[in-house]
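The values are calculated or read from the model by the stated rules, or taken from the named source; none is laboratory data. As the structure is a prediction and not an experimental result, all values here were calculated from the model. As a convention, Cβ positions derive from the backbone with ideal geometry for all residues, glycine included, and neighbour counts pool all protein chains shown. SASA here: full protein model, heavy atoms, side chains in, ligands and nucleic acids out. Shrake-Rupley method; radii C 1.70, N 1.55, O 1.52, S 1.80 Å.
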Amino acid sequence: MSMIKMRNGLAVIMAILLIVQSCSINKDDKEVIVQVDQEFNIDLYEILGNSRQLVFNLESIELQPCLNSGINKTVIKQIDKISLHINGIEPANDCNPGSAPATAAANVGAVQNKTYDFLVSVRNTIENVGKLTVTDESYTISLLSNDGVNFQNHKLNKIPSNFIWGYYAFNNANLVGNAPFSFVNDISQISHSKQMADGYFGQFSMDAEQKLTLSTSPEYLEFETFFYKFNGNDGELVTILENYRNSNEGPYMELAIFTSDGKIL
């Protein structure tokens, strides 16, 4: 092989190596560009009432220097599309000093049973697209990406109509005796048992063993939850509640009943 051919061959090899290296660098750079840190947690919630409304509860992942920092957000509801635009942290005008996430509630309002195109954007630079499917039983989010956001629950089960749930709570069993258990028994006498789907319901979660766990638990050493199908009048429930709240054991325990139309008794 002549010296000229050898030099030409080496030149071709070097050129190929440079191209391969360049492609590798470009690929790595692309991966760095598309890798986006999660900035905001998002959870689904339903406001109960005559016309139920879907809400996105937002929370910054990074703690802010004020306990009352907000999040600038916009919700756009169209016939076949719902868009959630998270524009960034909204500093508090009157800062309550302390370390806490920024929060906001983005109210979508009432939505029909159908499948919507769904868009979540972050700071006008990141977009995640997918679907929001609404049925009689649930709201379900499916996204092709989760850049900048973290959905804590992709599915929100709807709380059924004619449904009640609640709890009793206390610190000292000696001071309340059997009153908490008698209270639940009295509620059960005017109600019916109810089999629930397992999953997240916004105000509570239900496991496969039909154990109801409140999203926010009472601050007592002992508490227990219950739930029933209830077709009666709220006044019946209030009467039972007041009887126990006004009893000798009443000051030493907390009793609560929630209804599927949004009441707290």
Using a simple charge model, +1 on the beta-carbon of Lys and Arg, -1 on the beta-carbon of Asp and Glu, nothing else, what dipole does the chain show about its Cα centre, in debye to the nearest 20? 1220
Protein chains only, probe 1.4 Å: how do SER161, SER142 rank by accessible area, largest first? SER161, SER142
Suppose all protein chains stay in the model; what accessible area per residue would a 1.4 Å probe give for the chain, in Å²? 58
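Taking only DSSP H segments of four or more residues, each worth -39500 (n - 2.57), what value at 222 nm results for the chain once the sum is divided by all its residues, to the nearest 500 deg cm²/dmol?
Helices in the chain give a 222 nm mean residue ellipticity of -7500 deg cm²/dmol.
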With +1 on each Lys and Arg Cβ and -1 on each Asp and Glu Cβ, and nothing else charged, work out how big the dipole of the stretch 31-171 is about its Cα centre, in Debye to the nearest 20. 500
Where the accessible area of the chain is counted over protein heavy atoms with a 1.4 Å probe, how much of it, in %, is carbon and sulfur? 50
Sorted from largest down, what three extents in whole angstroms do the Cα atoms of the stretch 149-255 have along their principal axes? 49, 31, 22
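From the cross-link list LYS81/LYS211; LYS73/LYS131; LYS81/LYS194, which pairs have alpha carbons spaced over 26 Å apart?
The pairs that break the limit, which is 26 Å between Cα atoms, are LYS81/LYS211; LYS81/LYS194.
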Peptides 225-231, 237-243 ordered by average Cβ neighbours within 10 Å, highest first: 225-231, 237-243
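Quick check for me: using +1 on Lys/Arg Cβ and -1 on Asp/Glu Cβ, what's the dipole size of the stretch 166-265 about its Cα centre, in debye to the nearest 20? Each step should come with its number before you reach the end.
On the way: 5 positive and 13 negative charges, 32 e Å.
Rounded to the nearest 20 debye, it is 160 debye.
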For the chain, set up a Gaussian network in which alpha carbons nearer than 10 Å are linked by springs, and say which option among VAL36, VAL111, VAL129 fluctuates the most. VAL36
Just to make sure I understand: if all protein chains stay in place, what is the order of SER217, SER145 by accessible area at 1.4 Å, largest first? SER217, SER145
Answer with one residue from CYS95, GLN152, ILE126: the one whose Cα lies farthest towards the positive end of the charge dipole of the chain, charges on Cβ with Lys, Arg +1 and Asp, Glu -1. ILE126
Rounded to the nearest 0.05, what FRET efficiency do SER188 and LEU63 have when you use their Cβ-Cβ distance and R0 = 41 Å? 0.40
Considering only the chain, what is the antiparallel percent among its DSSP beta bridges, to the nearest 5? 85
Say we join alpha carbon atoms closer than 10 Å with springs in a Gaussian network model of the chain; which of PRO101, PRO251, PRO160 then has the biggest fluctuation? PRO251
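So what are the chain's ellipsoid semi-axes, whole angstrom, largest first, if each one is the square root of 5 times an eigenvalue of the alpha-carbon gyration tensor?
After scaling each eigenvalue by five and taking roots: 55, 21, 19 Å.
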Dividing the mean separation of Cα pairs under 8 Å (6+ apart) by the residue count of the chain yields a relative contact order in percent of 16
List every DSSP H helix in the chain whose Cα atoms extend 18 Å or more along the helix's own long axis and whose mean Kyte-Doolittle hydropathy is at least 0.5. 3-34
